[in-house]
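The values are calculated or read from the model by the stated rules, or taken from the named source; none is laboratory data. What you see is a predicted model; the values in this text were computed from it and never measured. Reconstructed Cβ throughout: ideal geometry from the backbone, glycine too, with neighbour counts over all protein chains shown.
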Amino acid sequence: MHMINVNAFIEQEQAMNTGKENYRTDVLEFRDDEATDYAILSHRWIGKEVDYKEIIKLARMNKSDQKAVRDRDGYKKVLSSCERAKRDGYSWLWVDTCCIDKRSSAELSEAINSMYRWYANAKICYAYLHDVSGISFPTADDDEKYPNSNGWPEWFSRGWTLQEMIAPSNVQFFNKGWHPISDKRTLASTLSKITQVPRHVLRDGLSSNRPCVAQIMSWGARRKTTRVEDKAYSLLGLLDVNMPMLYGEGKKAFRRLQLEVIRMSNDQSIFAWRRSKNERSGSILADDPSFFEDCNGMELLDRNEFIQELKQHVQEVDLPSIDEDQFGVFPITNRGIQIWMPLRPLHGSNSVFEAWLPCRVPLYPPVIITLALWNSNYYRYHTLEGASAMSRTLQFRQIYLRYQDIHCDIAFKIDDSAMARSGFSSHPSPKSLTSISTALFCVKAYSGRADYRIAVGVGQCFGHHWIHVAGKKHTSGQSQQDFWQSEYRNMLARGPELARSMAGVYSRRGGDGLVCVKYFCLPGSTWTIRTSYVVWKGSLNRGVKVEVFRHPYSGPDKWIGIKVEGLGSNDPDCDMRGLMIPYEEGYMTVLRVDGADKMFSEAPNGIKLGDYGYFANKGVFHPQGNISEITLKQYKTSEVCGEIIHSNHVKTRYPNVEHKAVGLSVAINDDVKSWLDRHSAELTNKYLVTMVIQCLPLPSTPIPGPTIPLCIFRKPFVWYQHKGFGSAWRGETKDKFG
């Protein structure tokens, strides 16, 4: 390691002060930390510090550049450290700002991996508190004086200074004017209060009675670093691991740190983290040291202690046998962390489990975390407050804990305005249902209409989203808040199953161009809740619409995938009123319109753009009326090959057929969308003519005549209703999607 030659540095400074030309310039020398008595500086980087390159070139700089460096507070801090070291009888000093050549990635990596040892081997550490002006150490927190560092000097809020406080046996604190104000041993009780580091660690270091991993992580939970990677790198020495530096990797650094700890230790407290805010599901590893904030005081349990603790909470006859090797070995594989854990399923779920860890906070039972089974692997899951286990029986299983994350930041845009129009009022819940990130899970409750209560929940599990509706008639003794909390727990416990049911629709029907629809009947009533879910192409938004109907439903209790058009508009408002369900029955002709292939049907005599009606037997369209507020859009078809698609979807191509025609289409603007929505009740499951065209006949077509009138039939999604609502809702519609 490079060290400052204290005498040479001071002599150089004196020479520059007197204008002397010939003086020693090699103030940095390479020394062995094991064989050198040296002092070391711990400080908060402020403003422009002096670096390695400037220190070695300072004597050869011109006078103006030299003066600019020497006028910096960073240089004066190094000079004061040298003067203090000389006074204390030390000839060598190490300062992180100027003793590491950061131009060399190898030297920087070596320094970061060795830094804990360097501080531990120093004979004395000078902790410079730049924001303390008094002659004594602060005895109480002062938020007014130190508003950005939890009421204490800023040195106590930085990530790197944690190990710089713990590693040296002799730490001397200095104020802004370099006057000594106390030392680590004298301040042990106060320092423990400030940092949560136990007094025995401050007194004896980490070697004698090393705390568990979770407790060490908790000491850095509230500390800040300039680079996000340094939140991990500053903990290397405290956790006694080494790893290469990869600045630019961001939060991945902390994941790598945890994996290195697991490779070197069998300490399961590394899984005991918990984050109360914005809790998410996914990797078994924490995103950040802040996740361990509640782990202060955590202690490990050996195998016998763990079994004794389990006996107090689980019937002894239900306890599995735990082998010593199973208890203490968990290798990292490409599938995940292979580990044996005692599990038991939560009530109402076959995918969410309690997992017991051999660690605890004193006077409390062992830590329990929540895991979810997904595709044969286990992931960390939301904490389920108040949820009960399905049985008292523990199952000691070998499982794979995934350390890769698979959640995505998607926002739900939810339209529940129809609930209020139908007389169901919403109640406040801890999280808004209007627009949320899928990193969250939330439930919104409604009440009204013969005292029925409804809960709508949305969330995500492992990159898959889910939506669920539950409801029942109000029973005496259960408040609205009790109902909400009960459904919140139930839905969260069933999250993986709910996500699988929605993912299954997309895998069966293909994910592109689908709207997923599900119906829920309020028990003992004729009320039905319909939930529609849309993935908008090219957007991070997911559209959800919740509607209520005063009609019974007898269809399937599962998600139904409906093929629609209109999802490629990147509509920022997720407006489902413009979505159209294609009609693809009988003979179809494919023409290219505005650069996209469109499927046309033979147009009945007298058909007009904007007509709406139903299909009777044998696919005959019966118009019932026409939209009066349509805006027409003119288009031309391109020269393309014609194609007839029969009802059995067997295709026959006819090459070299030109279609040159001018047609009209309905422009799906806000006026038309409003008209469709307003008339959705009386036009349920009707079809709308959205395009008309006249073109030359195709060879061998069964349709005679010099020209062929073609049109496109579409069912507006807002007019769709499943056949489970009965004939009164379906009219005479032949609905292939029902």
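Conditions first: (1) touching a Gly at 6+ places or on another chain (Cβ under 6 Å); (2) surrounded by fewer than 16 Cβ atoms within 10 Å (Cβ to Cβ). Residue 247 passes all but one, so which condition is the exception?
(1)
Which one is surrounded by the most Cβ atoms within 10 Å (Cβ to Cβ) among residues in the range 121-143 that are among the small types (Gly, Ala, Ser) and within 16 Å of residue 191 (Cβ to Cβ)?
Restricting to residues being among the small types (Gly, Ala, Ser) and within 16 Å of residue 191 (Cβ to Cβ), the top hit is 127.
Taking the range 197-220, which residues are part of a helix (DSSP H, G or I) and among the β-branched types (Val, Ile, Thr)?
Matches in the range 197-220: 201, 213, 216.
Looking at the range 510-533, which of its residues are at pLDDT below 80 and either among the hydrophobic types (A, V, I, L, M, F, W, C) or surrounded by 18 or more Cβ atoms within 10 Å (Cβ to Cβ) (or both)?
Scanning the range 510-533 gives a single hit, 513.
State yes or no: is residue 116 closer than 18 Å to residue 159 by Cα and either outside the structural domain of residue 246 (by TED's automatic domain parsing) or surrounded by 15 or more Cβ atoms within 10 Å (Cβ to Cβ) (or both)?
Here the answer is yes, as residue 116 does meet what is asked.
Just to be sure before I move on: is residue 87 among the basic types (Lys, Arg) and either touching a residue at least 40 places away in the same chain (Cβ under 8 Å) or surrounded by 19 or more Cβ atoms within 10 Å (Cβ to Cβ) (or both) in the structure I sent?
Taking the combined requirement at face value, the residue does not satisfy it.
Pairs under 9 Å by beta carbon, first residue in the same structural domain as residue 454 (by TED's automatic domain parsing) in the range 420-431, partner at pLDDT below 80 and assigned to a loop (DSSP other than H, G, I, E, B), six or more apart or different chains?
Qualifying pairs under 9 Å: 422/449; 423/449; 424/449; 426/433; 431/440; 431/441.
Which number in (1) more than 44 Å from the chain's Cα centre (by Cα); (2) of a type in the set (Ser, Thr, Tyr); (3) under 29 Å from residue 418 (Cβ atoms) marks the one condition that residue 583 misses?
Here residue 583 clears every test but (1).
Taking the range 88-112, which residues are closer than 18 Å to residue 168 by Cβ and assigned to a helix (DSSP H, G or I)?
Matches in the range 88-112: 111, 112.
Go through the range 361-390 residue by residue and tally those that are crowded, with 21+ Cβ neighbours inside 10 Å, touching a Leu at 6+ places or on another chain (Cβ under 9 Å) and modelled with pLDDT of 90 or more.
Result for the range 361-390: 6.
Let's see how each residue does on (1) outside any loop (DSSP other than H, G, I, E, B); (2) in contact with a Gly (Cβ under 9 Å, 6 or more places away or on another chain); (3) among the small types (Gly, Ala, Ser); (4) modelled with pLDDT under 95:
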residue	(1), (2), (3), (4)
143	no, yes, no, yes
149	no, no, yes, yes
152	no, no, no, no
155	yes, no, no, no
164	yes, no, no, no
172	yes, no, no, no
178	no, no, no, no
182	yes, no, yes, no
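Checking residue 70 against (1) free of Cβ contacts under 8 Å to residues at least 24 places away in the same chain; (2) over 22 Å from residue 116 (Cα atoms), which single condition isn't satisfied?
(1)
Can you name the condition, by its number, that residue 265 falls short on among (1) at pLDDT 95 or above; (2) out of contact with any Lys or Arg (no Cβ under 7 Å at 6 or more places or on another chain)?
Unmet for residue 265, out of (1) at pLDDT 95 or above; (2) out of contact with any Lys or Arg (no Cβ under 7 Å at 6 or more places or on another chain): (1).
Does residue 507 satisfy the criteria of being surrounded by fewer than 22 Cβ atoms within 10 Å (Cβ to Cβ), closer than 22 Å to residue 564 by Cβ and either of a type in the set (Asp, Glu) or at pLDDT 85 or above (or both)?
No.
Which numbered condition trips up residue 437, out of (1) at pLDDT below 75; (2) surrounded by 20 or more Cβ atoms within 10 Å (Cβ to Cβ)?
(2)
Restricting to the range 37-71, give me the number of residues that are outside any helix (DSSP H, G or I) and surrounded by 17 or more Cβ atoms within 10 Å (Cβ to Cβ).
Of the residues in that region, 10 qualify.
Filter the range 514-558 down to the residues that are small (Gly, Ala, Ser), assigned to a loop (DSSP other than H, G, I, E, B) and at negative phi and list them by number.
525, 539, 554, 555
Taking into account only those residues within the range 204-235 that are among the aliphatic types (A, V, I, L, M) and touching a helix residue (DSSP H, G or I) at 6+ places or on another chain (Cβ under 6 Å), which is surrounded by the most Cβ atoms within 10 Å (Cβ to Cβ)?
Across the range 204-235, the extreme among qualifying residues is 217.
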